[in-house]
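Have a look at the structure below, then the notes.
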Amino acid sequence: MRRYVISGLLVDSALELHSAVEAAAPSDTPDVTIVEGEVPVHLCDPRHSTAAWEARRGEFLLRVPEVADFLISEGRSILFKPISGCELHTIALYLVGTCFAILLQQRGELVLHASAISVGGRAVLFCGASGAGKSTLAALLCRRGYGLISDDICILTLSADDRYVVRPDGRMLKLWSNSLDFLEWRTAAQRAVRSDLDKYFVAPPGNRLAAQTVGAVYLIRDALPDEPDSLRRLRTLEGMRELRRNAYRPALVSAMDMEASYFAGSAALQVSAGIFCLSRKRDFTAADGLVELLEEHWRSLF
């Protein structure tokens with residue numbers, strides 16, 4: 001039986017899972033326990049179920065074909081059973097992706113499909129579906145000197161002063177090959193994210209940052225053919241709808257009874273930070289102009 005203990009750190013690979021175990025002192029109280037073992041075929045009396053998952057209060061059963069079955073419990077533990085032939089580093093992608101998102105939502109946290117950078121001591125978030133360019137934009141800004149807080153998954157925690165903060169999670173950027181070439185980071189690329197993807201882990205430059213208050217949330221969308229890069233602040237109801245849509249796994253928000261939490265989070269973010277639509281061209285040659293647009297906006301905000 002393999003057993004992993006993680007204390008306040010999300011990681012990208014099975015190797016880093018092992019490293020986290022080795023670094024933990026014997027007296028450490030584990031924040032999350034990950035165990036390989038037998039996973040039940042079904043939950044008892046699930047409140048919601050599909051062919052891929054079942055959910056009830058405090059438990060979530062996830063089935064990923066050709067990868068593994070996972071049981072996430074009480075925001076504290078993940079039990080997984082690999083499908084024969086699946087490599088551990090592939091399973092780790094789901095452990096630190098979908099499984100951790102579910103686990104953190106069991107704790108009442110908001111989890112967005114977003115990357116975050118540090119601007120003037122504030123967390124700036126870029127939300128969007130897979131392939132929207134969140135990681136590439138974050139990498140572009142890291143190259144400009146801004147620090148990376150998180151990539152792909154963004155965990156929002158409500159602080160004592162009723163503002164949301166984002167905690168750094170130790171992740172590496174995941175960049176497509178063409179992004180690496182544009183950034184001239186080819187030599188910084190580490191192993192492929194998956195053997196069937198031309199996408200690679202890249203350690204961002206700079207030091208790991210502390211938790212930071214959210215300063216702005218941008219929802220990325222493609223600009224129309226003749227439309228310049230632009231941004232606008234979303235109205236209240238639109239912002240609520242779009243933030244809910246950009247949960248890390250939107251279909252699970254209702255299943256985990258978190259509709260009210262995401263709407264309340266959106267309302268709070270619109271007051272304390274602002275939710276904006278960022279329309280941009282998918283064109284590397286326009287990257288400098290996009291960064292200048294964002295920096296001008298940050299000067300007006302911060």
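Does any residue of the range 83-92 turn out to be in the same structural domain as Leu252 (by TED's automatic domain parsing), out of contact with any strand residue (DSSP E or B) (no Cβ under 6 Å at 6 or more places or on another chain) and crowded, with 19+ Cβ neighbours inside 10 Å? Scanning the range 83-92, I find no residue that is in the same structural domain as Leu252 (by TED's automatic domain parsing), out of contact with any strand residue (DSSP E or B) (no Cβ under 6 Å at 6 or more places or on another chain) and crowded, with 19+ Cβ neighbours inside 10 Å, so the answer is no. Taking Phe70, is it aromatic (Phe, Trp, Tyr), part of a helix (DSSP H, G or I) and closer than 29 Å to Ala192 by Cβ? No: the conditions fail for Phe70. For the range 18-49, filtering for residues that are outside any loop (DSSP other than H, G, I, E, B) and modelled with pLDDT of 50 or more leaves 7. Taking the range 216-252 as the range and being modelled with pLDDT of 90 or more, among the aliphatic types (A, V, I, L, M) and under 30 Å from Glu54 (Cβ atoms) as the test, the residues that pass are Met240, Leu243, Ala247. Checked against (1) out of contact with any helix residue (DSSP H, G or I) (no Cβ under 6 Å at 6 or more places or on another chain); (2) part of a strand (DSSP E or B), Leu219 passes all but a single condition, namely (1).
Scanning the range 211-264 for residues that are of a type in the set (Ser, Thr, Tyr) and touching a Lys or Arg at 6+ places or on another chain (Cβ under 6 Å) turns up Thr213, Tyr262. Between Arg167, Arg186, Arg107, Arg144, the distinction of being surrounded by fewer than 18 Cβ atoms within 10 Å (Cβ to Cβ) and over 13 Å from Pro204 (Cα atoms) belongs to Arg107 only. With (1) crowded, with 23+ Cβ neighbours inside 10 Å; (2) of a type outside the set (Lys, Arg); (3) out of contact with any helix residue (DSSP H, G or I) (no Cβ under 7 Å at 6 or more places or on another chain); (4) in a helix (DSSP H, G or I) as the list, and Ala139 as the residue in question, which single condition is left unmet? In the conditions (1) crowded, with 23+ Cβ neighbours inside 10 Å; (2) of a type outside the set (Lys, Arg); (3) out of contact with any helix residue (DSSP H, G or I) (no Cβ under 7 Å at 6 or more places or on another chain); (4) in a helix (DSSP H, G or I), Ala139 misses (3) alone.
Could we say that Asp69 is at pLDDT 80 or above, buried (at least 17 other Cβ atoms within 10 Å of the Cβ), within 30 Å of Ala203 (Cα to Cα) and charged (D, E, K, R) here? Criteria met by Asp69.
Residues in the range 262-302 that are touching a Gly at 6+ places or on another chain (Cβ under 8 Å) and surrounded by fewer than 18 Cβ atoms within 10 Å (Cβ to Cβ) were compared, and the one that is modelled with the highest pLDDT is Trp298. The residues of the range 179-211 that are assigned to a helix (DSSP H, G or I), out of contact with any strand residue (DSSP E or B) (no Cβ under 8 Å at 6 or more places or on another chain) and touching a residue at least 12 places away in the same chain (Cβ under 8 Å), listed by number, are Ser179, Phe182. Out of Arg232, Arg241, one residue alone is assigned by TED's automatic domain parsing to the domain that holds Asp152, of a type in the set (D, E, K, R) and either surrounded by 13 or more Cβ atoms within 10 Å (Cβ to Cβ) or in a helix (DSSP H, G or I) (or both). It is Arg241.
The values are calculated or read from the model by the stated rules, or taken from the named source; none is laboratory data. Please read all numbers here as calculations on a predicted model, not as lab measurements. Ideal geometry is used to build each Cβ from the backbone, glycine not excepted, and the neighbour counts take in all protein chains shown.
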